[in-house]
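Participant: Please see the structure below; I have some questions.
Bear in mind that the values in this text are calculations on the coordinates, not laboratory data. These figures come from a predicted structure and were not determined experimentally. As a convention, Cβ positions derive from the backbone with ideal geometry for all residues, glycine included, and neighbour counts pool all protein chains shown.
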Amino acid sequence: MDIKVCKFGGTSMADGNIMRRAADIVRADPQRRYVVVSAPGKRFGGDVKITDLLYRCHDLASSGEDFGEIFSRVRARFEGIEKEIGKDVGMRGELDRIEKEIRAGAGRDYCASRGEYLAARVMSALLGWPFVDAKDVVFFSAEGTLDDESYIKAAAALRRYPNAVIPGFYGSGADGKIKTFSRGGSDISGSVVARAVRASLYENWTDVSGFFACDPRIVSSPECIREVSYQELRELSYMGANVLHSESIFPVRSAGIPIRICNTFRPEDEGTLIVSSARRSRSGGAVTGIAGKKDFTVIFLEKSMMNGEIGFAEKVLGILSRYGVSFEHLPTGIDTLSIVIDDKYLAGGVLEKIVSDIRAEVRPDSVRTHEGIALVATVGHGMANAVGTAARLFRSLSDAGINVIMIDQGSSELNIIVGVDNADCADCIRAVYREFFRA
Ligand code: ADP
Ligand code: ASP
Ligand code: MG
């Protein structure tokens, strides 16, 4: 029998009643045999995710401050869930133990991971299925990346059970301690489990009915993309369409396992299928979707005959690596080089130090910086062959009065990225969406 792996995100785990709904979805199809869960997320606007509360507990504890009040909110959520499902699943004992561990100096990743751990305990009790700890399923290399050994070890850990519930987001680090993925990483855990059990489908259950052509918080009711390729999805999710973690495609892509994005609150909806090459036609034509991310800085360098100066770019990139900074994009001209950097790397005077080192070491004719930039990516496999796509894109921006600060086109011709002011990000996405989807 084919196996389906289901991952339920934070909103699908938000309270006991929604967890029951998730359990019903699992029971409705006997192929749904392995379940991966996130920590309870927000129940309403202004609510706080369990993971955020746990990070706060750790940060307070590690600076010697009292975290009791915040931990009592974690406790109240899980004890509330236990009441809502009408079952004693031992939350009090688990929470007492976790509180003690945080007090005793447990690591940051360990603390954050407990939301998933407890949610999986609850789901395992609800379904009556074994709990398999993610520390025996997901493994990280010494560099902190997902270790390929995970698939073999996870297969061995899960083979013994016809059904199981596994916490998302964390696994074992190379030092044997609990380590987490970056935020939203339960999507990657689901993908690892799907590959390990050779699933025929990885169902990712969330609070929207699929992957939309752009962020539904920016354009109301955008078009749902019925089929999208792994690569398009990666480009869009990396650029801010965070419905799925951008790294979650890697474990399943090489095994050819499709991902379906499904809505826990409307399980009958078709959702979005993520596959190697999307075939179904889309109304956006060459464009599959648009996504944007704020808070980048561009360093613009100019130097006559730069293209003839061997090792110029190498020297510039050497300066970045000295400060532990990686770059996002590197558009170049014959006498110009622009470096786009995520602001997270540049706090505490790092930008100024980099600029001063560039001036001293590569002696450009000019160097200037532009802060507060948003990157907006227009993505689609068809873009390479569709004459006039770029013209339409830039005309839509100029019609909307948006100033384009930087342009980059990935070498795969899968996307065109423009840099605009942070304040123009949403308008830029709206303008491109209007051009290709509501023209
Ligand atoms: P989960 O808790 O299930 O992991 P997330 O909050 O991580 O869910 O992702 C789902 C959210 O992603 C949606 O509620 C939606 O607001 C947001 N989102 C951003 N861009 C897109 C997009 N292009 N398509 C669908 N949802 C998107
Ligand atoms: N709970 C984690 C987070 O909030 C991981 C996840 O939900 O995927 O980022
Ligand atoms: Mg998510």
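Participant: When a/c reaches 1.5 or more, the comparison of a/b and b/c decides; with that in mind, is the range 98-190 rounded, prolate or oblate per its Cα gyration tensor? Before the final figure, lay out the partial values.
Facilitator: On the way: a/c = 1.88, a/b = 1.11, b/c = 1.70.
It is oblate, given that a/c is not under 1.5 and a/b is not larger than b/c.
Participant: Under 22 Å Cα-Cα from residue 177, which lysines qualify once same-chain neighbours fewer than 8 residues away are excluded?
Facilitator: Output for residue 177: 100, 135, 153.
Participant: What's the extension gain from residue 161 to residue 391 if we count 0.36 nm per residue and subtract their Cα-Cα distance?
Facilitator: Net length gain for the segment: 77.3 nm.
Participant: Rank 125, 291, 76 by mean-square fluctuation in a GNM of the chain with C-alpha springs under 10 angstrom and give only the top-ranked residue.
Facilitator: The residue that fluctuates most here is 76.
Participant: Cut-off 10 angstrom, C-alpha nodes, Gaussian network model of the chain. Which of 408, 399, 215 fluctuates the most?
Facilitator: Its mean-square fluctuation being the largest, the pick is 399.
Participant: Between residue 279 and residue 29, what is the label-point separation in nm under the 7 Å Cα-to-beta-carbon projection?
Facilitator: In this crude spin-label approximation the distance works out to 2.0 nm.
Participant: Continuing with the same structure: Once you have the Cα-Cα distance between residue 350 and residue 17, take 0.36 nm times their residue separation minus that, and quote the gain in nm to one decimal.
Facilitator: Length gained between residue 350 and residue 17: 115.1 nm.
Participant: Provide the descending list of Cα extents for the range 359-439 along its principal axes, expressed in whole angstroms.
Facilitator: Largest first, the range 359-439 extends 49, 28, 15 Å along its Cα principal axes.
Participant: What is the range 377-423 by shape, rounded, prolate or oblate, if you read a ≥ b ≥ c off the alpha carbon gyration tensor as root eigenvalues and call it rounded for a/c under 1.5, prolate for a/b larger than b/c, and oblate otherwise?
Facilitator: In terms of gyration-tensor shape, oblate.
Participant: How large is the helix-only mean residue ellipticity at 222 nm for the chain, computed as the sum of -39500 (n - 2.57) over DSSP H runs with n ≥ 4, divided by its residue count, in deg cm²/dmol to the nearest 500?
Facilitator: -11500 deg cm²/dmol
Participant: Considering amide H positions built from the backbone, and no H for Pro or chain starts, which residues 5 or more places from residue 225, or on another chain, come under 5 Å of its amide H?
Facilitator: Distant-sequence amide H within range of residue 225: 211, 212, 213.
Participant: If contacts are Cα pairs under 8 angstrom and at least 6 residues apart, what is the relative contact order of the range 1-57 in percent?
Facilitator: 41 percent.
Participant: Quick one: among 301, 118, 233, which has the greatest mean-square fluctuation in a GNM of the chain with alpha-carbon springs under 10 angstrom?
Facilitator: Per the Cα network of the chain with a 10 Å cutoff, 301 tops the list.
Participant: When only Cα pairs under 8 Å and 6 or more residues apart are kept, what is the percent relative contact order across the range 1-148?
Facilitator: The value is 24 percent.
Participant: Taking the Cα-to-Cβ direction at residue 434 and at residue 307 and moving 7 Å from each Cα, how far apart do the two end points lie in nm?
Facilitator: 3.8
Participant: Right, here's the next one. Quick check: from the Cα gyration tensor, does the range 30-169 come out rounded (a/c under 1.5), prolate or oblate?
Facilitator: Oblate shape, in that a/c is at least 1.5 and b/c is the bigger or equal ratio.
Participant: Shifting gears a bit: Against the globular-protein guess of 2.2 N^0.38 Å, express the Cα radius of gyration of the chain as a ratio, rounded to two decimals. Mind showing how you got there, number by number?
Facilitator: On the way: Rg = 23.5 Å, N = 439, 2.2 N^0.38 = 22.2 Å.
After normalising by residue count via 2.2 N^0.38 Å, the value is 1.06.
Participant: Then there's this: Work out, step by step, the length gained on full extension between residue 268 and residue 404: first 0.36 nm times the residue separation, then minus their alpha carbon distance; give nm to one decimal.
Facilitator: 44.8 nm
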